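*Asks:* Quick one: this structure, given as structure tokens, is what I'll be asking you about.
Bear in mind these aren't lab numbers, they're just calculated from the coordinates by the rules spelled out. Treat the numbers as computed from the prediction; the structure is a model and nothing was measured. FYI the Cβ positions are ideal-geometry reconstructions off the backbone, even for glycines, and counts take in every protein chain you see.
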Amino acid sequence: MIDLHWLYVLAGAIFAAFAISSVRDRTNPRRLANAVFWGLLAASFWFGDLFGDLGNGVLVLALVAIAGAHLLGKGQGSSTSPKEREEYSRRFGNRLFLPALIIPLTAFVGTLAFNYTPLKGLGLVDPKSVTLVLLGLGVIIALAVCYAWLRPPATAPIEEGRRLMESIGWAAVLPQMLAALGAIFAAAGVGTTVGAIAGAILPSGNTFLAVLLYAGGMAVFTMIMGNAFAAFPVMIAAIGVPILIHQDGGNPAVIGAVGMLAGFCGTLCTPMAANFNIVPAALLELKNQYAVIRAQVPTAIPLFAVNVLIIYFAAFA
Amino acid sequence: MIDYWPLLGILLVVAGFALRFNPLLVVAVSAIATGVLGGMDLGKVVALLGKGFNDNRYVTIIYIVLPVIGLLERYGLQQRARALIGRMRGASAGRILIFYLAFRQIFAALGLTSVAGHPQTVRPLVAPMAEAAAEKVHGALSDEERERVKAMAAATDNIGLFFGEDIFLAIASILLIQGSLAGFGIQLTPFQLSVWAVPTAIAAFIIHSARLAWFERSLARSAKTARS
């Protein structure tokens with residue numbers, strides 16, 4: 001059965017290729033640090049399950065040390081110049097969009113085929129990893145098409161991929177690090193503390209304030225954890241079920257569903273949700289790493305208010 | 001008695017991000033401080049950090065698309081995206097992003113969350129298209145305006161995804177809500193929950209579209225002051 005491990009092998013191979021291509025980049029004075037950083041990531045994908053928890057922990061600290069000491073650099077790159085790109089763009093025309101659409105199209109057709117044909121029953125692909133398997137398949141098909149049509153130099157996909165990887169830099173592993181931090185926060189009892197505080201400051205007898213505290217708790221705790229999934233079980237246990245549902249008789253479907261969405265408003269406002277907020281800023285080569293968050297906050301605040309009103313009026317109608 | 005010590009790690013993260021230390025360093029220091037204050041020994045904290053990192057490798061898989069995107073950029077994909085918008089009549093950055101918001105919300109609501117994303121669509125297509133449209137309507141952009149257009153493109157992708165996906169029945173967050181409430185003896189079907197994602201989805205579209213329209217106007221204003 002094709003599962004997540006096949007993708008780890010593929011991802012490991014790509015990071016290993018980035019590492020090798022980094023070593024050979026004489027335009028980057030810090031090429032060795034780059035090679036070690038991407039090499040460690042390749043090792044994590046390939047052998048992470050063999051290293052043991054402490055071994056992985058040491059690997060993490062090595063990544064942090066390289067990034068924290070600002071050892072990562074950027075090469076000049078061997079890509080085409082803007083002028084050459086204009087020429088290629090005219091030569092290949094709108095057909096250039098086709099390979100770019102292969103990845104989304106594979107996800108689209110593959111998801112439909114998997115869910116609405118007997119494919120699911122064959123046991124070929126692990127249902128939990130379908131999305132990522134289709135992503136990998138889309139990448140492989142798109143690369144094959146590009147090689148056949150554009151005839152790039154053999155190493156061009158790796159060189160060009162590394163160019164983008166270097167512009168993301170250390171931010172690439174931040175989402176994974178934050179997920180690990182979330183596990184430690186949970187083990188140290190942060191959730192219990194936040195739930196206890198929310199419960200302790202709860203005003204009694206005022207449904208609107210209880211709704212506000214529940215939704216606000218979801219948003220703030222999501223900002224802390226970077227993820228509404230970690231906040232939901234805590235807030236539903238501290239306020240949602242005992243106060244809003246049992247004491248005040250609110251509709252549990254509204255309280256659950258819209259409470260989660262109030263948490264998503266928090267996700268828009270926090271650097272802890274790095275894969276949505278920090279990585280894109282690096283990927284788009286923005287000067288301010290918080291530029292995406294700044295663009296989102298003015299939408300998040302009124303939307304949060306709307307969620308509070310939906311819970312108050314729809315759950316207690 | 002509430003135990004406040006675990007919250008020190010959160011303060012460290014907030015202070016570290018605010019003072020713009022390297023975020024990886026901030027996270028590692030906060031993780032170790034939180035674990036040690038929570039009563040674990042150093043070896044155990046490092047092991048827990050390693051396990052958390054290893055268990056979450058799937059979030060880093062997305063970068064396998066970079067060789068394809070980089071290769072297409074080499075052959076002028078961004079230039080092509082710009083040229084397409086240049087020939088389109090009535091295109092503006094605001095309209096393109098409102099269209100993309102609707103597209104992202106509808107596809108996410110159908111469970112097709114991975115047909116778009118920052119590496120797959122925003123960097124190669126949406127951001128250059130929005131930039132080209134803004135240039136076409138308002139003339140050359142300053143660095144700051146260019147940065148705002150790109151950031152708005154990324155923000156629109158996130159908002160479309162977050163406030164579309166919960167309408168789909170089989171998404172992880174709906175299953176988590178269902179499971180958490182079931183733990184308190186409250187039985188709900190995914191459908192009962194996901195219909196309540198619809199009002200917020202509509203509100204998100206209205207609020208963010210209005211902001212995009214206003215954003216278009218603010219680009220016009222700053223272009224006018226730059227010319228005069």
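*Asks:* If you take the Cα Rg of the range A:198-317 and divide it by 2.2 N^0.38 Å, with N the number of residues, what do you get?
*Replies:* Working: Rg = 15.3 Å, N = 120, 2.2 N^0.38 = 13.6 Å.
Against the empirical 2.2 N^0.38 Å value, I get 1.13 for the range A:198-317.
*Asks:* With a 10 Å Cβ neighbour count serving as the proxy for reagent exposure, in which order, fewest first, do B:LYS51, B:LYS150, A:LYS128 appear? Could you put the intermediate results ahead of the total?
*Replies:* Numbers: B:LYS51 20, B:LYS150 26, A:LYS128 11.
Listing B:LYS51, B:LYS150, A:LYS128 from fewest to most nearby Cβ atoms yields A:LYS128, B:LYS51, B:LYS150.
*Asks:* Report, ordered by chain and residue number, the aspartates and glutamates lying within cross-link reach of B:LYS51, taken as a straight Cα distance under 14 Å and ignoring same-chain residues fewer than 8 apart.
*Replies:* Straight-distance partners of B:LYS51: A:ASP49, A:ASP53.
*Asks:* Only Cα pairs under 8 Å and at least 6 apart count here; give the relative contact order of chain A as a rounded whole percent.
*Replies:* Values: 347 pairs, mean separation 47.8, N = 317.
Normalised by residue count, the contact order of chain A is 15 percent.
*Asks:* Using the 2.2 N^0.38 Å rule of thumb for compact globular proteins, work out how chain B stacks up: its C-alpha Rg over that value, please. Please report the intermediate quantities before stating the final value.
*Replies:* Working: Rg = 22.2 Å, N = 228, 2.2 N^0.38 = 17.3 Å.
Ratio of Rg to 2.2 N^0.38 Å for chain B: 1.28.
*Asks:* Relative to the first principal axis of the alpha-carbon coordinates of chain B, what is the inclination of helix B:172-182, with its axis defined by its Cα atoms, in degrees from 0 to 90 and to the nearest 10?
*Replies:* The answer is roughly 40 degrees.
*Asks:* Sorted from largest down, what three extents in whole angstroms do the Cα atoms of the protein assembly as shown have along their principal axes?
*Replies:* Taking max minus min along each principal axis of the Cα atoms, the protein assembly as shown gives 70, 58, 56 Å.
*Asks:* Just round it to a whole percent: the fraction of Cα-Cα distances in the range A:24-110 exceeding 15 Å.
*Replies:* Within the range A:24-110, distances greater than 15 Å cover 73 percent of Cα pairs.
*Asks:* For the range A:75-224, what is the relative contact order in percent, using Cα pairs closer than 8 Å and at least 6 residues apart in sequence? All intermediate terms of the calculation are to be shown ahead of the outcome.
*Replies:* Working: 49 pairs, mean separation 32.6, N = 150.
Worked out over the range A:75-224, it gives 22 percent.
*Asks:* Here's something else I'd like to know. Tell me, what is a quarter of the convex hull surface for the C-alpha atoms of the range A:252-296, in nm² with one decimal?
*Replies:* Average projection, Cα convex hull of the range A:252-296: 3.2 nm².
*Asks:* Separate question: Treat every Asp and Glu Cβ in the range A:1-104 as -1 and every Lys and Arg Cβ as +1, leave all other atoms uncharged, and give the resulting dipole magnitude about the Cα centre to the nearest 20 debye.
*Replies:* Numbers: 10 positive and 7 negative charges, 132 e Å.
Using Cβ point charges on Lys, Arg, Asp and Glu, the range A:1-104 gives about 640 debye.
*Asks:* Charges at C-beta only: +1 for Lys and Arg, -1 for Asp and Glu. How large is the resulting dipole of the protein assembly as shown about its Cα centre, in Debye rounded to 20?
*Replies:* Values: 38 positive and 27 negative charges, 392 e Å.
Taking the Cα centre of the protein assembly as shown as origin, the dipole is about 1880 debye.
*Asks:* Let me ask something else. Would you order B:THR189, A:THR106, A:THR193 from fewest to most other beta-carbon atoms within 10 Å of each residue's own beta-carbon? Walk me through the intermediate numbers first.
*Replies:* Details: B:THR189 11, A:THR106 22, A:THR193 19.
Ranked by crowding around the Cβ, least crowded first: B:THR189, A:THR193, A:THR106.
*Asks:* For the range A:37-88, what Kirkwood radius comes out of the mean inverse Cα-Cα distance, in Å? It would help to have the intermediate numbers written out before the result.
*Replies:* Working: mean 1/r = 0.0733 Å⁻¹.
Value: 13.6 Å, from the Cα pair sum.
*Asks:* Here is a further query. Place +1 on the Cβ of every Lys and Arg and -1 on the Cβ of every Asp and Glu in the range A:41-157, take the dipole about the Cα centre, and give the residue among A:ALA113, A:PRO157, A:VAL145 whose Cα lies farthest towards its positive end.
*Replies:* A:VAL145
*Asks:* What is the average number of partner chain Cβ atoms found within 10 Å of a Cβ in A:138-144?
*Replies:* On the way: counts 6, 7, 2, 1, 6, 4, 0.
Neighbouring Cβ atoms belonging to other protein chains average 4 per residue here.
*Asks:* Same structure, new question: Over 18 Å apart: what share of the alpha carbon pairs of the range A:92-220 falls there, rounded to a whole percent?
*Replies:* 74 percent
*Asks:* Which of A:ALA295, A:GLY191, A:LEU96 sits farthest toward the positive end of the charge dipole of chain A, with +1 on the Cβ of Lys and Arg and -1 on the Cβ of Asp and Glu?
*Replies:* A:LEU96
*Asks:* Taking the Cβ of each residue in B:HIS208, A:HIS70 as the centre, tally the other Cβ atoms inside 10 Å and list the residues starting with the fewest.
*Replies:* Numbers: B:HIS208 27, A:HIS70 12.
By the 10 Å Cβ count, ascending: A:HIS70, B:HIS208.
*Asks:* For chain A, place one equal point scatterer on every Cα, skip the solvent, and apply the Debye formula. What is log10 of I(q)/I(0) at q = 0.06, 0.12, 0.13 Å⁻¹?
*Replies:* The Cα Debye sum returns log10 ratios of -0.29, -1.04, -1.15.
*Asks:* Residue farthest toward the positive end of the dipole of chain B, with Cβ of Lys/Arg at +1 and Asp/Glu at -1: which of B:ALA83, B:VAL29, B:ILE61?
*Replies:* Among B:ALA83, B:VAL29, B:ILE61, the one farthest towards the positive end of the dipole of chain B is B:ALA83.
*Asks:* List the residues, sorted by chain then number, that are 5 or more residues from A:VAL125 or on another chain and whose placed amide H is less than 5 Å from its amide H.
*Replies:* Here the answer is A:ILE2, since their amide H atoms fall under 5 Å of that of A:VAL125.
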